[in-house]
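The structure is given below, and queries will be raised subsequently.
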């Protein structure tokens with residue numbers, strides 16, 4: 001009997017032990033909530049103490065309140081204390097007479113703070129009522145707040161309804177994201193909870209505008225003191241995303257987000273403003289965009305700012321809007337690189353409305369000005385190409401000066417077909433002169449002159465060494481492209497010479513080749529070495545006369561004007 005009585009007691013004691021242990025375990029979230037409540041209670045106590053010091057006089061409304069039948073339910077006093085927040089709430093009896101559907105609330109901090117001195121709210125008036133919660137963005141301190149109502153007579157005009165002073169006792173600083181009427185009507189929403197943020201060189205802005213379409217654009221305007229940068233970004237499915245460079249070094253950058261004004265074409269209105277405190281000392285160069293950028297529907301995805309560093313090769317990436325003017329016809333982009341007096345022109349293709357390619361900074365180390373352009377879209381053939389710049393920026397290059405060795409526009413000296421042929425032509429030839437002569441012979445013997453191309457101006461932006469190698473026909477530029485590509489593929493410096501040539505009644509534009517042989521430039525003209533034109537037909541008649549010709553004799557028919565890169 002005694003043994004039986006002990007078992008239940010032991011069970012009860014053990015059960016009690018586990019029960020007590022479970023009750024004694026702590027809940028972290030519960031502890032945090034208690035700590036927050038304790039902190040909040042501290043500031044509520046400070047509010048009460050501050051209000052005792054102040055004379056809590058009733059808030060007075062202006063005479064305009066009687067005119068439109070307006071009243072404020074909150075706040076009640078003209079000067080009072082608050083714990084980080086203030087609610088403005090009221091109603092307007094004659095709201096249908098107002099020229100706007102928004103109450104304008106201006107908040108100004110009387111002391112300088114990190115999040116700026118002022119902030120504005122536009123509270124919508126719905127069925128005569130409005131309410132706006134305000135966070136006192138600079139933390140502890142004094143704030144002046146003015147509430148204004150729209151005029152009943154004039155658009156974009158407001159009258160004071162009431163003004164009051166708030167003493168914030170809470171040191172926490174958090175700035176609301178506020179939207180103007182234009183921003184609210186665009187249904188703008190951003191991926192941020194505060195309009196005062198820390199940044200480091202680049203700020204990623206994401207958002208959506210529910211009432212805008214993909215044919216609309218968003219404008220960004222970045223300010224820091226006297227410096228300003230503007231840029232337009234596209235919408236896709238009502239959304240947008242852009243990495244905004246904080247160009248102007250350490251300190252506060254003001255980013256203004258603007259939406260299209262539906263009443264005025266090509267005009268934007270401020271939707272919201274964000275303050276970004278950049279922690280980086282680095283300064284960057286803004287990209288200069290022209291009207292062509294927007295008119296031709298270009299989106300440049302890289303680079304996003306100038307001053308980037310390069311090892312001699314630089315890439316660009318972007319898109320063309322298929323709905324833009326000449327969007328479907330824009331099948332290439334021109335790239336002009338300038339360093340001092342040296343200038344080069346490159347072309348990259350646009351495929352499926354996208355361009356993503358690289359080009360050489362061929363003139364050695366230094367600062368390059370890069371201009372990106374779209375081509376003129378024309379119906380008639382011509383022997384020139386006009387293009388319009390849409391973006392300009394600088395690049396710092398540390399690459400070597402290999403201007404006459406690197407591949408270039410029309411000269412694909414790194415293409416496998418070119419390198420294989422060059423190897424075949426120069427095999428067994430030890431001297432540079434022999435190699436150059438073998439390439440001259442091949443081009444002059446194997447390419448026929450395209451008289452029709454000359455007469456019809458049937459030039460194309462992608463004329464090149466590869467096209468000439470494949471078609472075995474062309475005009476002087478095509479002979480030169482192929483010869484230069486084969487020479488460079490053989491590790492010989494070669495350049496494209498522009499000038500005029502006298503082969504008939506008057507001089508015509510012409511191109512030939514100069515190649516460096518044993519340290520000196522040697523001239524060759526494979527076009528004139530291939531034959532001649534008689535009765536508008538090409539007559540193949542290879543000759544060696546135009547490989548390293550006598551200078552004086554050559555200059556009687558050829559006038560050199562410069563080198564093209």
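Across region 505-515, what is the total count of residues that are crowded, with 21+ Cβ neighbours inside 10 Å and over 19 Å from residue 345 (Cα atoms)?
Looking only at that region, the number is 1.
Conditions: (1) farther than 19 Å from residue 141 by Cβ; (2) modelled with pLDDT under 95; (3) assigned to a helix (DSSP H, G or I). Residue 42 meets all but one. Number of the miss?
Residue 42 satisfies all of (1) farther than 19 Å from residue 141 by Cβ; (2) modelled with pLDDT under 95; (3) assigned to a helix (DSSP H, G or I) except (1).
Does any residue of region 438-451 turn out to be free of Cβ contacts under 8 Å to residues at least 24 places away in the same chain and farther than 15 Å from residue 489 by Cα?
no
The rows are residues; the columns are (1) out of contact with any helix residue (DSSP H, G or I) (no Cβ under 9 Å at 6 or more places or on another chain); (2) surrounded by 13 or more Cβ atoms within 10 Å (Cβ to Cβ); (3) under 30 Å from residue 416 (Cβ atoms).
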| site | (1), (2), (3) |
| --- | --- |
| 503 | no, yes, no |
| 517 | no, yes, yes |
| 526 | no, yes, yes |
| 535 | yes, no, no |
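Out of everything in region 209-219 that is within 20 Å of the chain's Cα centre (by Cα) and buried (at least 19 other Cβ atoms within 10 Å of the Cβ), what residue ends up being modelled with the lowest pLDDT?
Top of the filtered list is 217.
Could you please give the count of residues in region 537-565 that are in a strand (DSSP E or B) and in contact with a helix residue (DSSP H, G or I) (Cβ under 7 Å, 6 or more places away or on another chain)?
The qualifying residues number 3.
Let me ask something else about it. Can you tell me which of (1) crowded, with 19+ Cβ neighbours inside 10 Å; (2) more than 28 Å from the chain's Cα centre (by Cα) is the one residue 382 doesn't meet?
Of everything listed in (1) crowded, with 19+ Cβ neighbours inside 10 Å; (2) more than 28 Å from the chain's Cα centre (by Cα), residue 382 misses just condition (1).
So is residue 410 free of Cβ contacts under 8 Å to residues at least 12 places away in the same chain and on the phi > 0 side of the Ramachandran plot or not?
For residue 410, the condition - free of Cβ contacts under 8 Å to residues at least 12 places away in the same chain and on the phi > 0 side of the Ramachandran plot - is not met.
Still on this model: Out of the residues in region 345-379 that are more than 21 Å from the chain's Cα centre (by Cα) and closer than 24 Å to residue 232 by Cα, which is surrounded by the most Cβ atoms within 10 Å (Cβ to Cβ)?
Of everything passing the filter in region 345-379, 377 is surrounded by the most Cβ atoms within 10 Å (Cβ to Cβ).
Let me ask something else about it. Only one of (1) over 26 Å from residue 187 (Cα atoms); (2) surrounded by 14 or more Cβ atoms within 10 Å (Cβ to Cβ); (3) in contact with a helix residue (DSSP H, G or I) (Cβ under 6 Å, 6 or more places away or on another chain) is not met by residue 122, so which one is it?
(1)
Is it true that some residue in region 265-281 is in contact with a strand residue (DSSP E or B) (Cβ under 7 Å, 6 or more places away or on another chain), modelled with pLDDT under 95 and part of a strand (DSSP E or B)?
The answer is no, given that none of the residues of region 265-281 is in contact with a strand residue (DSSP E or B) (Cβ under 7 Å, 6 or more places away or on another chain), modelled with pLDDT under 95 and part of a strand (DSSP E or B).
Given the criteria part of a loop (DSSP other than H, G, I, E, B), surrounded by 16 or more Cβ atoms within 10 Å (Cβ to Cβ) and in contact (Cβ under 8 Å) with a residue 40 or more places away in the chain, does residue 404 qualify?
Yes; evaluated as a whole, the condition is true for this residue.
What number of residues within region 125-141 are over 11 Å from residue 95 (Cα atoms) and surrounded by 15 or more Cβ atoms within 10 Å (Cβ to Cβ)? Let's see the steps before the verdict.
Restricting attention to region 125-141, the residues satisfying the condition of being over 11 Å from residue 95 (Cα atoms) are 131-141.
Going one step further and asking which of them are surrounded by 15 or more Cβ atoms within 10 Å (Cβ to Cβ), we end up with 131-132, 134-141.
Residues meeting the conditions: 10.
Any chance you could count how many residues in region 107-131 are farther than 26 Å from residue 198 by Cα, in a strand (DSSP E or B) and touching a strand residue (DSSP E or B) at 6+ places or on another chain (Cβ under 8 Å)?
Total satisfying the criteria: 5.
Let me ask you something else. Based on this model, can you work out whether residue 420 counts as surrounded by fewer than 21 Cβ atoms within 10 Å (Cβ to Cβ), in a helix (DSSP H, G or I) and at pLDDT 95 or above?
yes
Here's a follow-up. Determine, yes or no, whether residue 183 is surrounded by fewer than 16 Cβ atoms within 10 Å (Cβ to Cβ) and touching a strand residue (DSSP E or B) at 6+ places or on another chain (Cβ under 8 Å).
The answer is no for residue 183.
Among the numbered conditions (1) over 21 Å from residue 275 (Cα atoms); (2) not in a loop (DSSP other than H, G, I, E, B), tell me where residue 99 comes up short.
(2)
Among the numbered conditions (1) farther than 17 Å from residue 388 by Cβ; (2) touching a strand residue (DSSP E or B) at 6+ places or on another chain (Cβ under 6 Å); (3) surrounded by fewer than 18 Cβ atoms within 10 Å (Cβ to Cβ), tell me where residue 314 comes up short.
Every condition holds for residue 314 apart from (3).
Report yes if residue 444 is at pLDDT 95 or above and crowded, with 18+ Cβ neighbours inside 10 Å, otherwise no. It would help to see each step written out before you state the result.
On the way: at pLDDT 95 or above: yes; crowded, with 18+ Cβ neighbours inside 10 Å: yes.
In short, yes.
Okay, moving on. Could you grab the pairs with beta carbons closer than 7 Å, sequence gap of 6+ or different chains, first residue in region 182-199 and in the same structural domain as residue 253 (by TED's automatic domain parsing) and at positive phi, second one assigned to a strand (DSSP E or B) and modelled with pLDDT of 95 or more?
187/209
Only one of these conditions is not met by residue 425: (1) in a helix (DSSP H, G or I); (2) without any contact (Cβ under 8 Å) to a residue 12 or more places away in the chain; (3) surrounded by 13 or more Cβ atoms within 10 Å (Cβ to Cβ). Which number is it?
Here residue 425 meets the rest and fails (2).
In region 45-84, how many residues are in contact with a strand residue (DSSP E or B) (Cβ under 7 Å, 6 or more places away or on another chain), within 19 Å of residue 128 (Cβ to Cβ) and assigned to a helix (DSSP H, G or I)?
Count: 3.
Return yes or no: is residue 264 surrounded by fewer than 20 Cβ atoms within 10 Å (Cβ to Cβ) and under 24 Å from residue 158 (Cβ atoms)?
Considered against the rule, which asks whether it is surrounded by fewer than 20 Cβ atoms within 10 Å (Cβ to Cβ) and under 24 Å from residue 158 (Cβ atoms), residue 264 comes out as yes.
Can you confirm whether region 146-166 contains a residue that is closer than 16 Å to residue 84 by Cα, touching a residue at least 60 places away in the same chain (Cβ under 8 Å) and surrounded by 20 or more Cβ atoms within 10 Å (Cβ to Cβ)?
yes
Something else about it: Hey, can you tell me all the residues within region 447-476 that are outside any helix (DSSP H, G or I), loosely packed, with under 15 Cβ neighbours inside 10 Å and under 42 Å from the mean Cα position of the chain (by Cα)?
Scanning region 447-476 gives 457, 458, 460, 462.
Also, I was wondering about something else. Give just the number: which of (1) within 45 Å of the chain's Cα centre (by Cα); (2) modelled with pLDDT under 95 does residue 513 not satisfy?
(2)
On to the next question. Can you tell me which of (1) over 22 Å from residue 497 (Cβ atoms); (2) not assigned by TED's automatic domain parsing to the domain that holds residue 318 is the one residue 371 doesn't meet?
Of the numbered conditions (1) over 22 Å from residue 497 (Cβ atoms); (2) not assigned by TED's automatic domain parsing to the domain that holds residue 318, the odd one out for residue 371 is (2).
The values are calculated or read from the model by the stated rules, or taken from the named source; none is laboratory data. Keep in mind it's a predicted model, so treat the numbers as computed, not measured. Methodologically, a virtual Cβ is constructed for each residue, glycine included, from the backbone with ideal geometry; neighbour enumeration extends over all protein chains shown.
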